[in-house]
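The structure appears below as structure tokens.
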Amino acid sequence: MSFRNYLFQVVDENEKATKIGKFFNVFIILLILLNVVAIILESFDSLRQEYTHVFYYFEVCSVIIFTVEYLIRAFTADLKFADKSWIRAVLYFVFSPIALIDLFAILPFYLPLIFVVDLRFIRILRILRVSRLFKLNRYSKSLKLLQSVLKEKLPDITVTFFIALLILIISSILMYEVEHDIQPEKFPNVVAAMWWAVATLTTVGYGDIYPVTAFGKIISSVIAILGIGLIAIPTGILSAAFLEKFKSEKMNKKCPTCGSDISNNIE
């Protein structure tokens, strides 16, 4: 076995991965979870000040491991995408969504070392460390299923959100026209009225902005009822899609002994 094939087996996250590949996958999952825990603990000023060096060295070790993993995946990309040449496979990998997540997970550490950037920008970059959590998508079958369902039902969900956006804009304009004269400080413009529309459409209702006129209360009631329906639509779409996926996976099951189709035995 060549060295590249060995490296590919180490980082391979498929179900047929070797023992060392499965061990590496479990290790990466634990490292990602520990990074999330570190981000949470670092938000406490007392812990951050007392264990600054611990957080820093853990961050350095994590970035080194994630960087090596990223480079190995790029180096062995043609083994994963066998129908492409090495260059095309590397480019295909680098610009794939999951590889971009991998890149964003390590980018905040390297950019300040390469460029002189403002401290405020560094703080913004630190937010990207949370993207390490999305790396779990590569290793979790459930997250892969969720990604597949969302991709399949994206057009239907997009239509739902477009309808919600239209309702949001229309209701904001109506509420501004109705309530502006009575509550100019609460509804100074349409954009400000959108905050009320979002809170009402999502049935949250924070109570910081609310209508006082009779017509405004009617509009608010209608928007709240529509919000319940709009939330139910994507929920129904996704639920049906999940059921279809689960049924499809069961129907495609093979007998582990003879390899024959056992879908006839599944009701």
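Bear in mind that the values in this text are calculations on the coordinates, not laboratory data. Values in this document were obtained by computation on a predicted structure and should not be read as measured data. Note that each Cβ is placed from the backbone with ideal geometry, even for glycine, and that neighbours are counted across all protein chains shown.
Values computed for the structure shown
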{"quantity": "Cα-based equivalent ellipsoid, segment 1-103: semi-axes from gyration tensor eigenvalues, Å", "calculated": "32, 15, 11"}
{"quantity": "Calculated FRET value between LEU30 and ALA82, using beta carbons and R₀ = 30 Å, to 0.05", "calculated": "0.50"}
{"quantity": "Segment 1-101: chymotrypsin sites (Phe, Trp or Tyr not before Pro) in DSSP coil with no more than 13 other Cβ atoms inside 10 Å", "calculated": "PHE44, PHE95"}
{"quantity": "Simple label model, 7 Å out from Cα along Cβ direction - LEU91 to VAL222, nm", "calculated": "5.3 nm"}
{"quantity": "For PHE187, residues with placed amide H under 5 Å, excluding near neighbours", "calculated": "none"}
{"quantity": "Over 29 Å between alpha carbons, listed pairs LYS80/LYS245; LYS153/LYS217; LYS151/LYS247; LYS22/LYS245; LYS19/LYS153", "calculated": "LYS153/LYS217; LYS19/LYS153"}
{"quantity": "Computed FRET value (nearest 0.05) for PHE246 with ILE182, which takes r as the C-beta separation and R₀ as 45 Å", "calculated": "0.30"}
{"quantity": "For segment 41-55, Karplus couplings with θ = phi - 60° (6.51, -1.76, 1.60), whole Hz, Gly/Pro x", "calculated": "5, 5, 6, 7, 4, 5, 5, 5, 6, 7, 10, 4, 5, 5, 4"}
